[in-house]
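Everything on this sheet refers to the single structure shown next.
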Amino acid sequence: MSEKKDYLKSPDLLPIPHSEKNISAAGFGFIWVGMAVVLAAFAIGGNGVQSLSLGWVVLATVIACVVLGFLMTMTGDIGVEHGISFPVYMRAPFGTIGTHIPSVVRGFVASCWFGLNTYFGATAMNAIFTTLFDFDNWFICFLIFAVLQLVNTAMGIKSIERFADLAAPVIILISGWMYFTLSDQAVAQGREVWSWIESPVTGGAAATAFMVVIMANMGFWGTLTADMPTLSRYIKAPKNEKNWFKRNKGQIIGNIITYPITQTFMVIIGAVSYMAVSNYDPVVAIQGSANGIALGVLLIMIVFAQWSTNTTANVIPAATIFSNVMGPKIPFWAGVVVAGVIGIVVQPWSLFGIIIEVLLIIGGILASIVGILVADYYFLRKRRVNVQELYESEGQYKYLNGVNWAGIISWVIGGIGATIFSNYSFIIGFLLGGASYFILAKYWWFKRYEQAEIIDPSDEKYLGISVGRDWIIEKGPELEEEMVFTASTGKENV
């Protein structure tokens, strides 16, 4: 088989068999604890209490997280059921070539988030070095921290889970300490944590502020909602289980329970940080409220948290996407390097001051992709996928020169709508993208390009783990040789 025909069959993008699904429900929960401790969550809390009481900010966050957690589990079923990643499945609604356009946008956003979280962690690392060794150079810390995270990610998913198991308990304990310390500091300044508002608003302005908190929460994690299959394909699930809830139990515990609890607590910490020192950046708050060993331990927590978040939520998705775009000769670790370089050259420290505005716009654009995925996977294909054809350049998903124009047009419609109505960006993007795609694909595109799993929705032909199937993709000679080399060297691909 020629290299041209093999370009869709990068070893890192092949379906994950049941035997290699090695993330437990508890492990995924720990990963979520680490992922949710991010600058965006603190910023949402700090910005929220400028207009609303903390109680209303918490309610908006819980609503956003539960809804988004359910959507994550919906898209994540693609990975659980079929063992395939986000960029691979995107070949169905966007085409074998068209998939690269929205995928690269997602990969670029993930790389920017990697850079932003690395900058946040580097400021904490720099504070540690300044305190202990009188060394003050945040940029050197930034480069060191970036390299450590990229190496950890390149070592594979099991290495990341082990790090999360270590980091999560530390993060939980120290986060509690932070809340009580900062709350006491706020109260000492006459700011009652659950009732203080910097500039109270009422009526329509209060409703808008409430929706901004919801959309900001959705905007950040909307990125992971789109490509949850890239992570969920490694989550353990029972074979021959057709019940959606039972099959996705490992996901549900993380997405609908652990994530909302952790995200809400981080939003609260950002809010009390703002009340205590008029700055939602916990690094600033910690340095103003602790010293000695306590300061060092708290700053280490910030470093661990950004590390855990970046490897799972940002570098893995971005590297997988770049590996898909560049073809089978580009291994996963090379995709990791590309993600790291982008995250550095965008100068993430310059994005710090506009984070909420960015969340609203980017979240809406990516929400359009989520809507398209849900419409394609559940309402059109009804979870049945002709997986073998996803890896064929001349197969069912080639469409018109490799592009599914129903997907591209729907994504543009959803993205424009979300940008225009940015205060409701995620909802607008999701609904417009999904509805447009359903109509265009069902009544136009799939009339021209018939889909085997829609014409014949056979369980035995087109379902995966729920009928006990591991999808096996035939590889060409060059890829067989590459896989043998990988196995002989003991390297683990993600």
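The values are calculated or read from the model by the stated rules, or taken from the named source; none is laboratory data. Just so it is clear, the structure is predicted and the values come from calculations on it, not from any experiment. Glycine also receives a Cβ, built like all others from the backbone with ideal geometry; neighbour counts cover every protein chain displayed. Heavy atoms of the whole protein, side chains included, go into the accessibility calculation; ligands, DNA and RNA do not. Shrake-Rupley method; radii C 1.70, N 1.55, O 1.52, S 1.80 Å.
With a 1.4 Å probe and every protein chain left in place, tell me how much accessible area residue 19 has, in Å² to the nearest 10.
Its heavy atoms expose roughly 100 Å² to the probe.
Taking every eigenvalue of the Cα gyration tensor of region 168-222, multiplying by 5 and rooting it, what semi-axes result, largest first, whole Å?
Numbers: eigenvalues 139, 89, 6 Å².
In descending order the semi-axes read 26, 21, 5 Å.
List, in order, the whole-Hz ³J(HN,Hα) value for each residue of region 364-372 obtained from phi through the Karplus relation with A = 6.51, B = -1.76, C = 1.60 and θ = phi - 60°; use x for Gly and Pro.
x, 5, 6, 4, 4, 5, 4, x, 5
Largest first, please: the extent of the C-alpha atoms of region 172-281 along each principal axis, to the nearest Å.
59, 37, 20
So what is the calculated 222 nm ellipticity per residue for the chain, using -39500 (n - 2.57) for each DSSP H run with n of 4 or more, over all residues, to the nearest 500 deg cm²/dmol? Kindly include the intermediate steps, with their values, before the conclusion.
Details: 25 runs with 329 residues, N = 494.
It lands at -21000 deg cm²/dmol.
What relative contact order, as a whole-number percentage, does the chain give when Cα pairs under 8 Å and 6 or more residues apart are counted?
Details: 958 pairs, mean separation 159.5, N = 494.
Rounded, it is 32 percent for the chain.
When the Kirkwood hydrodynamic radius is evaluated over all pairs of different C-alpha atoms of the chain, what value in angstrom, to one decimal, is obtained?
On the way: mean 1/r = 0.0438 Å⁻¹.
Evaluated over the chain, this radius sits at 22.8 Å.
Measure nothing fancy, just the Cα-based angle from helix 477-489's long axis to the longest principal axis of the chain, in degrees from 0 to 90, nearest 10.
Here the helix axis deviates by roughly 40 degrees.
Report the charge-dipole magnitude of the chain in Debye, nearest 20, computed about the Cα centre from +1 at each Lys and Arg Cβ and -1 at each Asp and Glu Cβ.
Computed charge dipole of the chain: roughly 920 debye.
With θ set to phi - 60° and the Karplus curve 6.51 cos²θ - 1.76 cosθ + 1.60, what are the ³J(HN,Hα) couplings of region 440-456 in order, to the nearest whole Hz, using x for Gly and Pro?
Once rounded to whole Hz, the list reads 5, 5, 5, 9, 9, 5, 7, 6, 7, 10, 5, 10, 4, 6, 7, 5, 10.
What's the longest piece of the chain with no exposed GluC sites (Glu not before Pro), counting a site as exposed if DSSP puts it in a loop and it has at most 14 other beta carbons within 10 Å? Can you show the working numbers first?
Numbers: sites that count: 192, 198, 394, 450, 474, 492.
Formally, the longest exposed-site-free interval is 199-393.
Grab the other residues whose beta carbon is less than 13 angstrom from that of residue 186, score K and R as +1, D and E as -1, and report the net.
Local net charge: -2.
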